[in-house]
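Working notes, structure below.
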Amino acid sequence: MAIRKIRLEGDPVLGKKCRPVEVMTDKLHVLIGDMLDTMYEHNGVGLAAPQVGILKRIVVVDVGDGPIVMVNPQILESEGEEIMDEGCLSVPGMAGQVPRPAYVKVKALDEDMEEVELEATELLARAFCHEIDHLEGKMYTSLVQGGLHPVEYEDE
Ligand code: NI
């Protein structure tokens, strides 16, 4: 288990577009394990590779139903809109209202580079969109309506 250092907003790496993963390697398996450890350590529901300084299209998500690993994820369909508070481990202690699709269908590769299609609503749809945005160098703070506000973190 290894906890990696989370890059904070303002770090140039968070504004960069990530490269697709062509081949799964032992090193990337270690990265994925570390990303999950890092996300759970900070009670996050998602983490994208650029948040630990790696410009690869890999995200991990867990909204309470178990870990989901997505390599090279793509949103195929989206529907509806929900506006809810959203936060990010790269912007600790803050949240803001962000509109996101109520439903998304995502195509990705799993950790074994097998193609998967996932459908998501509510928090899971939000987490997918948020993490996929990270791969484009896009932070949720650019989508916030009405400004950021502090939140109480249940971090420890
Ligand atoms: Ni984030």
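Nothing in this text is a laboratory measurement; each read-out follows from the coordinates by a stated rule. The structure displayed is predicted, hence computed values, not measured ones. All Cβ positions, even for glycine, are placed from backbone atoms using ideal geometry, and neighbour counts span all protein chains on display.
Annotations
- Zone of Glu152's modelled label, taken as backbone nitrogen in segment 39-67 under 19 Å from a point 7 Å along Cα→Cβ: 43-44
- Taking segment 1-59 and dividing mean pair separation by its residue count, relative contact order in percent (alpha carbons under 8 Å, at least six apart): 48 percent
- Helices in the chain, meaning DSSP H runs of at least 4 residues, each add -39500 (n - 2.57). Divided by all residues, the mean residue ellipticity at 222 nm is -6500 deg cm²/dmol.
- Once C-alpha pairs closer than 8 Å and six or more residues apart are averaged by separation and normalised to the residue number of segment 71-110, the relative contact order reads 56 percent.
- Interatomic Cα distance distribution for the chain, bins of 10 angstrom, percent: 11, 43, 38, 8, 0
- Percent RCO, i.e. relative contact order, over segment 12-150, from Cα pairs under 8 Å lying at least 6 residues apart: 27 percent
- Cα centroids of segment 46-78 and segment 79-156: 10 Å apart.
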